[in-house]
Amino acid sequence: MVNRSPESGRSRLPTVLIIEDTTELAEVIQATLERMNIITAHETHGTKGIARFEAFQPDVVLLDIGLPDMSGWKFLETVKEHYRDRMPIIIVITAYGDPANRLVGKLQGVNDYLIKPFTSDEVERVVMAALSSGTA
């Protein structure tokens, strides 16, 4: 999927904000996405992620639920409260793929999940599906 810039009508590359406190994992995700011609940004904390979200305006957010300063659910709640008019696609990164967590995610409008441990192929598949869905 190619996104269009409203100002110029020109094509632009898709953008993904990764909010993940494990730097090594985030670096693998970034390398995978950059090979796919996707522009990325990374933050390790939710509060910094909110500031980066505002500046970066990503198409997709890969969101870890277990962050050091706030839960990923709190991050999502904050973004929905302040930026409802430009909500990105949310893909949750978690070690907990149980039905209860998936239900919470569904109620919060989560698009998909990456259950740890996951592969680069899974990252590619989930992000491409999200970008192709036409909601980004």
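The values are calculated or read from the model by the stated rules, or taken from the named source; none is laboratory data. Note that the coordinates shown come from a computational prediction; the quantities given were computed from them, not determined experimentally. Reconstructed Cβ throughout: ideal geometry from the backbone, glycine too, with neighbour counts over all protein chains shown.
Points to keep in mind about this one:
- Yes/no for Arg4 being more than 12 Å from the chain's Cα centre (by Cα), at pLDDT 95 or above and of a type in the set (Lys, Arg): no
- Of all the criteria given as (1) more than 14 Å from the chain's Cα centre (by Cα); (2) among the hydrophobic types (A, V, I, L, M, F, W, C); (3) closer than 21 Å to Thr32 by Cβ, the one not satisfied by Val61 is (1).
Here is a yes/no grid of residues against (1) modelled with pLDDT under 90; (2) out of contact with any Lys or Arg (no Cβ under 7 Å at 6 or more places or on another chain); (3) more than 21 Å from Val126 (Cα to Cα); (4) surrounded by 15 or more Cβ atoms within 10 Å (Cβ to Cβ):
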position	(1), (2), (3), (4)
Val16	no, yes, no, yes
Gln30	no, yes, no, yes
Arg35	no, yes, no, no
Lys48	no, yes, yes, no
Phe53	no, yes, no, yes
Ser71	no, yes, yes, no
Glu77	no, yes, yes, no
Arg86	yes, yes, no, no
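- Thr23 passes every criterion in (1) out of contact with any Ser or Thr (no Cβ under 6 Å at 6 or more places or on another chain); (2) exposed (fewer than 13 other Cβ atoms within 10 Å of the Cβ); (3) modelled with pLDDT under 95; (4) of a type outside the set (D, E, K, R) apart from (3).
- Extreme residue, surrounded by the most Cβ atoms within 10 Å (Cβ to Cβ), among residues of region 88-99 that are in contact (Cβ under 8 Å) with a residue 24 or more places away in the chain and more than 14 Å from the chain's Cα centre (by Cα): Tyr96
- From the list Leu76, Leu103, Leu107, the lone residue that is farther than 19 Å from Leu13 by Cβ and in contact with a helix residue (DSSP H, G or I) (Cβ under 9 Å, 6 or more places away or on another chain) is Leu76.
- Breaking point among (1) surrounded by fewer than 22 Cβ atoms within 10 Å (Cβ to Cβ); (2) of a type in the set (A, V, I, L, M); (3) within 15 Å of Ile19 (Cα to Cα), for Leu131: (3)
- Only one of the numbered conditions (1) modelled with pLDDT under 95; (2) more than 22 Å from Arg12 (Cα to Cα); (3) not acidic (Asp, Glu) is not met by Gly134, and that is (2).
- Residue pairs meeting the criteria (Cβ under 6 Å; at least 6 apart or on separate chains; first closer than 20 Å to Ser71 by Cα, in region 10-35; second small (Gly, Ala, Ser)): Leu17/Ala41; Ile18/Ala26; Ile19/Gly49; Glu20/Ala26
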